1. Would you list which aspartates and glutamates come within 13 Å of LYS142, measuring only between C-alpha atoms, while excluding same-chain residues fewer than 8 positions from it?
2. Roughly how big is the chain's charge dipole about its Cα centre, with Cβ charges of +1 (Lys, Arg) and -1 (Asp, Glu), in debye to the nearest 20?
3. Debye sum, Cα scatterers, region 62-241, no solvent: what log₁₀ I/I(0) at q = 0.10 1/Å?
4. So in the chain, what percent of DSSP beta bridges are antiparallel if you round to the nearest 5?
5. Compute a Gaussian network model of the chain, connecting alpha carbons closer than 10 Å, and tell me which residue from ASN282, ASN48, ASN113 fluctuates the most.
6. In the structure shown, do any of LYS157/LYS187; LYS63/LYS203; LYS159/LYS203 have a Cα-Cα gap over 19 Å, and if so which?
7. Using a basic spin-label model with each label point 7 Å from the Cα along Cα→Cβ, how many nm lie between GLN237 and PHE270?
8. Which loop-located GluC sites (Glu not before Pro) does region 81-172 contain, where loop means any DSSP state but H, G, I, E or B and the Cβ has at most 15 other Cβ atoms within 10 Å?
Amino acid sequence: MVFQIAWRNIWRSKIRSFVVMGAIIIGIWSILFIVAFSSSMVGGYIKNAIQNETSHIQIHNPKFVEDQDIQFLIEEPDAKLASIQSNEQVKTATLRTSINGMLNSARGARGVNVRGVIPAEEAAVTDLPSKIIEGRYFEEGKKNEILISQVLTEKLKLKLRKKVVLQFQDLSGNITSGAFRIVGIFKTGNTLFDESKVMVNRKDLNRLMGKEDGAHEIAVYLKDTNTLMDSETQLQQDFPDLLVENYRILSPDVQLYESQIDISATIFTFIFMLALIFGIINTMLMAVLERNKELGMLMAVGMNKGKIFLMIVLETLFLGVVATPIGLFLGWITITYFGKTGIDLTAFSAGIEKFGLATTIYPSLTSPHYVSLAISVFITALLAALYPARKAIQLKPIEAIHKI
């Protein structure tokens with residue numbers, strides 16, 4: 001009987017009930033969307049950083065990491081690469097040569113990091129061909145081709161088919177240089193990366209460096225990031241003389257952003273629940289004070305304080321039970337829609353790309369977030385009901401009945 005009375009009571013003042021339920025619905029919808037948007041933005045940054053810069057795991061000569069000296073190569077890199085590629089947890093891996101040098105053109109010069117890549121393998125690790133906005137990717141059999149970023153073409157007034165000269169120190173300590181023709185212009189969406197990197201075929205770079213089979217880096221891309229730590233440990237055991245590092249160590253800012261995703265969601269949820277609890281308390285307290293006479297009458301005819309307490313709590317919970325599924329559904333619909341179409345932020349691309357963030361965000365959210373938010377609303381409604389319910393059972397029947 002208490003359940004029926006509580007259910008009917010919330011519809012006695014429809015406007016007040018709809019205001020509370022509306023607040024819950026809008027709050028749940030907004031929290032879901034904000035968390036999905038922020039998580040996806042950070043997730044996009046992490047994905048871009050892994051693809052463009054760090055991969056999942058990198059392997060170097062320990063001394064190379066200290067000062068990026070060209071001398072510190074990986075011994076027998078091809079054999080090590082073959083061993084890594086045979087690992088069941090590895091999706092793909094590639095060798096890279098990495099040299100700091102100068103990019104010279106008729107319009108100026110700029111210090112860059114020259115990355116010598118194996119075209120087919122690099123495409124599998126970084127999906128570099130998809131980032132080319134003008135021109136083409138490396139072609140088999142072609143010599144001295146270079147890929148340069150859109151940022152550098154603008155700064156050095158370059159364009160496709162133009163020649164540039166790369167200058168750096170070879171393994172003998174002599175200054176060497178080579179002319180390369182621009183065949184492709186890429187844009188990764190990370191301005192800092194684009195300003196500092198150029199890509200050439202590893203064979204061409206190694207020939208100038210003075211060691212045909214030289215490599216400074218092995219980049220490893222895993223099938224599943226959940227195996228990251230196990231894979232890192234296994235590779236370190238396989239190559240004890242080399243330095244094996246995962247992307248969280250290579251890029252501490254990525255680790256920071258990755259750890260902040262759940263923390264941000266918790267903070268947003270806490271702020272919403274804090275606002276919601278005061279709103280519910282205010283509404284239910286008004287409902288109790290307006291029904292002093294009614295509550296006093298119920299006590300006078302024999303309804304004990306426990307049932308009065310339960311009735312007020314149930315009224316509050318019913319408001320949440322009705323509103324929560326609607327809010328979750330609206331949030332899911334919104335996230336699903338924008339998850340397919342994306343949210344275009346190209347109007348802010350100049351600032352966003354400085355931080356390596358994507359200009360199109362595809363919000364997404366996992367099922368646990370929906371469940372945890374629903375549980376949070378239930379707990380919040382329960383806590384918010386306690387004070388008004390306590391005020392109700394403190395009423396004295398005789399005084400409440402005679403109160404105007």
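1. Excluding near neighbours in sequence, the set is ASP204.
2. 2280
3. -0.40
4. About 80 percent, rounded to the nearest 5.
5. Taking springs between Cα atoms under 10 Å, the residue moving most is ASN282.
6. With Cα atoms farther than 19 Å apart: LYS63/LYS203; LYS159/LYS203.
7. The two pseudo-label positions are separated by 4.0 nm.
8. Passing sites in region 81-172 are GLU88, GLU139, GLU140.
Every read-out reported here was derived from the displayed coordinates using simple, explicitly stated rules and does not represent laboratory data. Not measured: the values here are computed from a predicted model. Cβ atoms come from the backbone with ideal geometry, glycine included; neighbour counts cover every protein chain shown.
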